[in-house]
1. For segment 1-17 and segment 122-200, compute the distance between their C-alpha centroids and round to whole Å.
2. Note down the relative contact order for the chain as a percent, whole number, built from C-alpha pairs under 8 angstrom at least six residues apart.
3. Hydropathy at least -1.0 by Kyte-Doolittle, axial extent at least 18 angstrom from the Cα trace: which helices of the chain, defined as entire DSSP H runs, fit?
4. Kindly provide the helix-only [θ] at 222 nm of the chain, computed as the sum of -39,500 (n - 2.57) over DSSP H runs of four or more divided by all residues, to the nearest 500 deg cm²/dmol?
5. Tally up the carbon and sulfur contribution to the accessible surface of segment 78-146 as a whole percent, 1.4 Å probe, everything protein left in place.
6. For THR2 paired with ASP186, estimate the spin-label separation in nm (one decimal), with each label point 7 Å from Cα along the Cα-to-Cβ line.
7. Which part of segment 98-121 falls in the paramagnetic zone of ASP155, meaning amide N under 17 Å from the point 7 Å along Cα-to-beta-carbon?
8. Along the charge dipole of segment 45-201, pointing to its positive end and built from +1/-1 on Cβ of Lys, Arg, Asp and Glu, which listed residue (GLY126, SER182, ALA87) has its Cα farthest out?
Amino acid sequence: MTPDRLRAALRGVPDPQWLDAALRRVATEPAAIPRYFAAAARRCGRGPVPDPPGWTVDEAARALLLTALPTGHAGVAETLYREGDAAERRAVLRALPLLPIGAECVPLLHDAIRTNDTRLVAAALGPYARHLEQPAWRQAVLKCVFTGVPLGVVDSLTDRADGELAQMLAGYAAERHAAGRSMPADAADLLDRLTIPTTEA
């Protein structure tokens, strides 16, 4: 994902002049970003964008506003997340991989994963989740299984899934089986792929 791709996705917003002016203003006056960030949904819309899939117009606009900042990206992202509503928090989480912040905003991922908002959990497991330590990442994946978040939203799932995650999934599968319930199909498929047969047929 790149800012240019997001900008292309927003060519058809209802008020492109507002977005252009907002981006210019934030680039020269960073303190103005909270006002524009809050107004983005009303001025740009809330519907889905066709590319990149899974993004909404307001998320893309808000992510661009964050990328327009000249400095202080991590601090501003944290403030907007802590003070924002659920939609604004999702936008911050989606923007994190685009910002020059290293691992500074990992605490925001931990906060999102602790919530009961499945859309926040899903947003937290995008590309920026590469900064999560493996134990926390495994717990987040398991939470997706518990709460019905499709595992397709987990970035780099195939690369990061390991034997310990397989054990955790197997334990959950056993609990579900004992209760007469099945695993979600995507979790069962992941467990199958992680389980290495001990004998050849």
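The values are calculated or read from the model by the stated rules, or taken from the named source; none is laboratory data. If you're wondering where the values come from, they're calculated on a predicted model, not measured in any experiment. Positions of Cβ are generated from backbone atoms using ideal geometry, with glycine treated the same way; all protein chains shown enter the neighbour counts. For accessibility, only protein heavy atoms count, side chains too; no ligands or nucleic acids. Shrake-Rupley method; radii C 1.70, N 1.55, O 1.52, S 1.80 Å.
1. That distance is 34 Å.
2. Relative contact order comes out at 14 percent.
3. Details: long enough: 16-28 (19 Å, -0.15); 134-147 (20 Å, 0.18); 163-178 (22 Å, -0.11).
Span-like helices in the chain: 16-28, 134-147, 163-178.
4. -18500 deg cm²/dmol
5. 48 percent
6. Each label point lies 7 Å from its Cα, and together they span 2.7 nm.
7. Residues passing the 17 Å test: 98-113, 119-121.
8. Projecting each Cα onto the dipole axis, the largest value belongs to ALA87.
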